[in-house]
Amino acid sequence: MDISDADRIKHREIPFEAIHPDPQQADTAARFLSDVSGILEAEPVAPTLLRVRYDVLLTSLEEIEEALTEIGLHLDNGLFLRMRRALHYYTEETLRANCGCPRGESNCTKKVFAKRYELIEHGCRDQRPEHWRRYL
């Protein structure tokens, strides 16, 4: 499935709890995410609000937030935010599955290009039936 850049690039805001030993959690998270593959931009908007732009085929919001909690940052877990987060997780997981990137697979981009290569008509195909190819 071909996916446009507008659908593939996601813009999200990640709010953090105000009560934490690190008062600048958004800045800490931005520095951590700056070297992560798939993160295009991580910008602290406020001390407890991070704006992230990322490629959904390379990483997802769920993976980003799990990594942030693993390094000790506390996400804001209000009811509305948990519902919004669950909706984002579901839509991104569905989008990745429709593009051939099942959950937990880090090489989904390679699979997308391999599938596209299989569908293109070119001269690099073995015309023998499958059982003949495995015979030797």
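A short reminder: the numbers here are calculations on the coordinates, not readings from a lab. What you see is a predicted model; the values in this text were computed from it and never measured. For neighbour counting, all protein chains shown are included, and Cβ atoms are generated from backbone atoms with ideal geometry for every residue, glycine included.
Tabulated values for the structure
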read-out: Paramagnetic reach from A46 (point 7 Å along Cα→Cβ, amide N under 14 Å) across the stretch 11-32; value: 13-19, 24-27
read-out: Radius 12 Å from Cβ of V56, net charge of other residues (Lys, Arg +1; Asp, Glu -1); value: -2
read-out: Relative frequency of Cα-Cα separations exceeding 12 Å in the stretch 1-50, percent; value: 65
read-out: Radius 9 Å from Cβ of A42, net charge of other residues (Lys, Arg +1; Asp, Glu -1); value: +1
